[in-house]
Amino acid sequence: MGNLTRQDYIVKLLMQKKKKMSVEELASILSVTPTTIRRDLLILEEKHQIVRTRGFALFNENFQKDYDGHLRTELFYNEKQRIAGKALELVSSHSSIFLDSGTTILEFAKELNQCTDLEDINIVTNAIDVAQSLFNVNQIFMPGGVLHHYSKVLFGIDTASYFKDINADIAFMGTNGLLNCPGLTVSIPFFLDIKRNMIRSASKVVALADSSKFMCRGIYTYCEYSEVDVLITVQTPENEAALERIRNSNPGIDIILA
């Protein structure tokens with residue numbers, strides 16, 4: 001299981017299989033009793049991460065879009081914290097940064113908020129929860145726009161134009177997934193121009209993605225790997241081949257493993 005909790009590993013297995021798995025099958029893979037697995041499944045069901053049927057479990061495909069951010073943050077939480085710590089090493093004092101939306105970006109924002117070594121950091125974001133987590137940071141800039149109902153992200157024509165006119169040292173970007181696609185993805189079309197303008201206006205692009213992102217993808221590719229300077233992620237046996245393909249096809253990208 002590596003550094004994953006048992007419950008995260010169950011979710012990972014269900015995401016990979018993309019079909020029902022029995023309690024007995026999960027118990028055998030994880031070397032625990034069926035009773036232990038049933039307890040785990042009850043907790044995961046309460047978090048809306050899985051759907052239970054009699055003796056079986058299935059990953060909840062609607063989980064990423066239908067439930068509150070704090071529930072999504074808990075998924076692969078240890079990985080997100082490690083990625084956030086690595087991302088913090090790339091920030092220096094007196095810099096301006098874009099912060100995209102997403103639960104890994106949110107963890108990074110929390111790390112930034114607790115860091116006392118950085119001075120005069122200017123942060124620009126259209127994510128409400130990200131901005132709220134940065135109460136210790138002096139300079140936070142946000143555009144106007146329409147608030148998206150579940151992602152807590154501002155969007156609109158004015159929002160996209162706002163990012164076109166700002167220069168940033170680094171853009172820290174999230175993704176809906178990296179499975180069999182040419183770069184970073186998103187599933188909400190309203191966010192496409194905003195993310196693309198962030199990338200165009202930044203001197204350096206850093207993508208943050210936990211290992212679950214290699215098992216899914218969004219509908220639209222908003223940024224190809226050739227536009228990404230750094231990818232911070234966690235290597236697992238399941239995504240090792242994908243990471244090697246990204247390295248070989250994009251020699252300019254620096255992959256940092258958390």
Residue-normalised value, i.e. accessible area per residue, for the stretch 203-258 at 1.4 Å probe, in Å², stands at 45 Å²
Ranked output for segments 48-55, 83-90, 219-226 by mean other Cβ atoms within 10 Å, highest leading, reads 83-90, 219-226, 48-55
Hydrodynamic calc, the chain: Kirkwood Rh from Cα pairs, then Stokes-Einstein at 37 °C with viscosity 0.692 mPa s, so D in µm² s⁻¹ is 173 µm²/s
Calculated from DSSP helices alone, with each H run of at least 4 adding -39500 (n - 2.57) and the total divided by the residues of the chain, [θ]222 nm to the nearest 500 comes to -11000 deg cm²/dmol
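Whole number in Å², please: accessible area per residue of the stretch 112-154, 1.4 Å probe, ligands, DNA and RNA not counted.
Value for the stretch 112-154: 55 Å² per residue.
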The stretch 86-144 and the stretch 162-221 have their Cα centres apart by a whole-number Å value of 16 Å
Checking rank on 195-202, 207-214, with mean other Cβ inside 10 Å and highest first, the result is 207-214, 195-202
Given 92-100, 124-132, the highest-first ranking by average Cβ count within 10 Å works out to 124-132, 92-100
From the cross-link list 47/80; 86/213; 47/195; 19/80; 152/213; 110/152, the entries with a Cα-Cα span beyond 22 Å are 47/195; 19/80
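The values are calculated or read from the model by the stated rules, or taken from the named source; none is laboratory data. Everything numeric here is computed off the predicted structure, so don't read it as measured data. Heads up, the Cβs are rebuilt from the backbone with ideal geometry, glycines too, and the neighbour counts pull from every protein chain shown. The area values use the complete protein model at the heavy-atom level, side chains included, leaving out ligands, DNA and RNA. Shrake-Rupley method; radii C 1.70, N 1.55, O 1.52, S 1.80 Å.
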